[in-house]
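Report on the structure given below.
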Amino acid sequence: MANNIDNLEYKINAALADDLHTHLSNCSGSFTPELSERVNIATYAAKIAANAVTFEAWDDRSLIGLIAAYFNDDAHICGYITSVSVYRDYKGKGLASTLLRQCITYGKKNDFKEIFLEVNKLNFAAIQLYKKYNFEQKNKQGDYVVMHLVLNNSNGNFDK
């Protein structure tokens, strides 16, 4: 891996369950609390591979950035971001922003009304990222903040 963002490839739904498992295992420690303390990563990766839309950043053959979102709530026409992760060496280079823009665009193009997510209240960097893209706090559930973005009212300006 060269850590050069100019050579990255962005893909949608290209990762296999093994790719997701490797990526999530490598990023587990950057979650608050650590991802492996909350879920069985192999089971979670398989669930994402089977049911989520994945927005991916690849450096050569390594999945180095990921947003996984469920866009399967046809009754309420809501999406739900279940995972956002970037390899440590690539943080601060705009990957999460690029992937989040792709996710929001996907939701709009597919006529979803809202996108929801939960983030640990101590994960200030993630909360700031979501606020940058007009996500607003909806409520709190224990140590987590539920945030949402109303897609039909959000402006399309992602160049903040």
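Within region 32-51, the set of residues being surrounded by 12 or more Cβ atoms within 10 Å (Cβ to Cβ), among the hydrophobic types (A, V, I, L, M, F, W, C) and within 15 Å of D19 (Cα to Cα) comprises I41, A42, A45, A46, I48, A49. Of everything listed in (1) within 16 Å of the chain's Cα centre (by Cα); (2) crowded, with 18+ Cβ neighbours inside 10 Å, the single unmet condition for A125 is (2). The residues of region 1-19 that are part of a helix (DSSP H, G or I) and modelled with pLDDT of 95 or more, listed by number, are A17, D18, D19. For T43, the requirement of being of a type in the set (V, I, T), in a helix (DSSP H, G or I), farther than 21 Å from L149 by Cβ and without any contact (Cβ under 8 Å) to a residue 12 or more places away in the chain is met.
Among the residues in region 76-86, are any farther than 28 Å from D18 by Cβ, in contact (Cβ under 8 Å) with a residue 24 or more places away in the chain and either crowded, with 17+ Cβ neighbours inside 10 Å or of a type in the set (S, T, Y) (or both)? There is at least one residue in region 76-86 that is farther than 28 Å from D18 by Cβ, in contact (Cβ under 8 Å) with a residue 24 or more places away in the chain and either crowded, with 17+ Cβ neighbours inside 10 Å or of a type in the set (S, T, Y) (or both). Among the residues of region 89-140, those identified as outside any helix (DSSP H, G or I) and polar (S, T, N, Q) are N110, N120, N123, N134, Q137, N139. Does T22 fit the bill of being surrounded by fewer than 19 Cβ atoms within 10 Å (Cβ to Cβ), over 17 Å from the mean Cα position of the chain (by Cα) and modelled with pLDDT of 95 or more? So T22 does not fit the description; no.
The values are calculated or read from the model by the stated rules, or taken from the named source; none is laboratory data. All values reported here derive from a predicted model rather than from experimental measurement. Glycine also receives a Cβ, built like all others from the backbone with ideal geometry; neighbour counts cover every protein chain displayed.
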